[in-house]
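Presented below is the structure to which this report refers.
Bear in mind that the values in this text are calculations on the coordinates, not laboratory data. In this text the structure is predicted, and so the values were computed from the model without any measurement. Ideal geometry is used to build each Cβ from the backbone, glycine not excepted, and the neighbour counts take in all protein chains shown.
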Amino acid sequence: MLKNIYLKSILLILLLVSLVTACSDSSSDELMTSNQEVADDKGIAPSLQNDQAGSGQSEGGTLKRLWGDPPTLDPHLVTDTTSAGLVVEMFSGLVSLNSELEIVPDLAESWDVGEGGTQYTFNLRDDIKFSDGSNVTARDFIYSFNRAANPDTESPVAELYLGDIVGAQDVIDGNATEISGIKLIDDKTIQINIDSPKAYFLAKLTYPTAYVLKESNVNSGENWTDNPVGTGPFALERYDLGQILILKRNDNYWGDLAKLDRVEFNLAGGVPMAMYENGEIDITGVGLADLERVQNPSDPLNNDLVMVPPSFTINYIGFNVTMPPFDDPKFRMALNYAVDKQLIASSVYSDLVKPAYGILPPNFPGFSSDVRGLEYDADKAVKLLEESKYADPNTRPPIVVTIPGTGGSPSLDMEVVADMWDRILGVQIEIQQVEWATYLQDLHRERLQVWGGSGWQADYPDPQDFIDILFHSESKGNHGLYKNNEVDLLLEQARTDQDPLSRFSKYNKAEQLIIDDAPWLPMWFDQEGMALINSRVKGFEFTPLIVPKLKNVYIQN
């Protein structure tokens, strides 16, 4: 998912929830550590499930969680993990990712691949229904794909996730009203033709841009998401902005029905640990201030403690390379060399994060330890600044770093970076906070000079979701407008390379070139963290990506 991750609190760096772009931007709870499309949330291990052994499994009950107001509940507009964490439970598509990050059938029970890997024929399940009880047919998918691509929908990610389909770009550009590469075979069969064989295409269809919507529901009015009709295991029961959002079981779901009656998302905010101890929420990340206490076997909270694998997320500071002074590579490199990431990881985050010198997270498909980053070197930073065209502070353009937030102090890591830039280079910055939805909008419209307090969480386990989506010069996910012709060529070759090792090698070469150009300041990757889960909650899994999973949760009395 576009996933940008916005860090609501540096104390909650442990787990995984929602804010960074398709892949994703995010801002929410679970362990509130992701966005950019991850704002606060966000493995080495693909999942971690709390113990389900024992008797007493109970149908029904309510799971209570801390969350943030989603920028949207429209699947075709989702670019952040806060929204995605809700949307994947309410809507669905042809295929899905399970907790092991495998592509599995969803509303399509099977599919065939032909024409040398460019033609996908999907066979829908029998008797699949929308949450209002009406039937879902292949025609609903035809409508939904065309609606997602239609420029009137204003989807920031339609091109990223549907652009491989023949004719999709014509609709996105306003030159056609229907995607020519999607064909209705019959009420139960849909055929999708793509422009060339691409190993990651099926995974792209797990993203909400490809979810099915009911046309009459969407056409019911501008505020149709107040009463959305979906196909997921849950449906929206209530949404009071800034207060509460409640999902209820969808009794018309095609598969095994959700065991929970409902899930309550507290949107009003609060101190997560205090809320957990007061029984207001059932899951929380463990902040730095509480680590020692919860690890003490004599503390009652120790019984609820679980380890959480890292998510496939990178936190970073992004530069718009078309805006001075970031149009000078030497200036960008100087800023990279001036930041001691290991000091930040150790002193600010107590080693709960891992310094990032590359782009792909450790253990993510395609990750290579041979990729070398720009590690802390104050002398080299000073030298590069002196060689740049912005060495003179009197003529240097002002620098404004935009971060998501609603007032108060910026995150400590951003303040530490600002201090390092000032102390080592004499480069001073202004930090401005904007509301999460505004942050995402400005990011997608390339209005930001520098942005931080965010990250990117993978939408599917393929390096294309990081390297290509975020750095190809024509990608809508390239918010800093970075361009390198050699990088573009490697990424274009990797798209159709059918040899996994050869593909990954191309991504690694492109990654090294990108790092050397310094369009980003990579900050940190997730490490294994800790969370508390109420002992009555069973079947909950922590996953390194956003996947539908709440239907498997139950309350044990």
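For the pair region 492-548 / region 78-98, the C-alpha centres are spaced 18 Å from each other. Region 384-461 and region 167-229 have Cα centres separated by 36 Å.
Ordered by the number of other Cβ atoms lying within 10 Å of each residue's own Cβ, fewest first, Trp451, Trp254, Trp520 fall into the sequence Trp254, Trp520, Trp451. Taking other C-beta atoms within 10 angstrom as a stand-in for reagent exposure, Thr209, Thr118, Thr322 fall in the order Thr322, Thr118, Thr209, fewest first. For the chain, what is the Kirkwood estimate of the hydrodynamic radius, computed as the reciprocal of the mean inverse distance between distinct Cα atoms, to one decimal in Å? Result for the chain stands at 23.5 Å.
DSSP beta bridges confined to region 313-526 are antiparallel in about 65 percent of cases.
Qualifying GluC sites (Glu not before Pro) in region 347-453, where qualification requires a DSSP coil assignment and no more than 16 other C-beta atoms within 10 Å, comprise Glu375, Glu435, Glu446.
Of all chymotrypsin sites (Phe, Trp or Tyr not before Pro) in region 274-334, which ones are in loop regions per DSSP and have a Cβ with at most 12 other Cβ atoms within 10 Å? The qualifying sites: there are none. Over all distinct Cα-Cα pairs of region 313-526, the Kirkwood formula returns a hydrodynamic radius of 17.5 Å. Within straight-line reach of Lys551, meaning a Cα separation under 24 Å, sit the following lysines at least 8 residues removed in sequence or on another chain: Lys3, Lys42, Lys64, Lys129, Lys204, Lys214, Lys248, Lys259, Lys538. Of all lysines in the structure, the ones whose alpha carbon falls short of 23 Å from that of Lys389, not counting any fewer than 8 places away in one chain, are Lys330, Lys380, Lys483. With all projection directions averaged, the alpha carbon convex hull of region 95-218 covers 7.7 nm².
Charge dipole (Cα centre; +1 on Lys/Arg Cβ, -1 on Asp/Glu Cβ; no other charges) of the chain amounts to roughly 260 debye.
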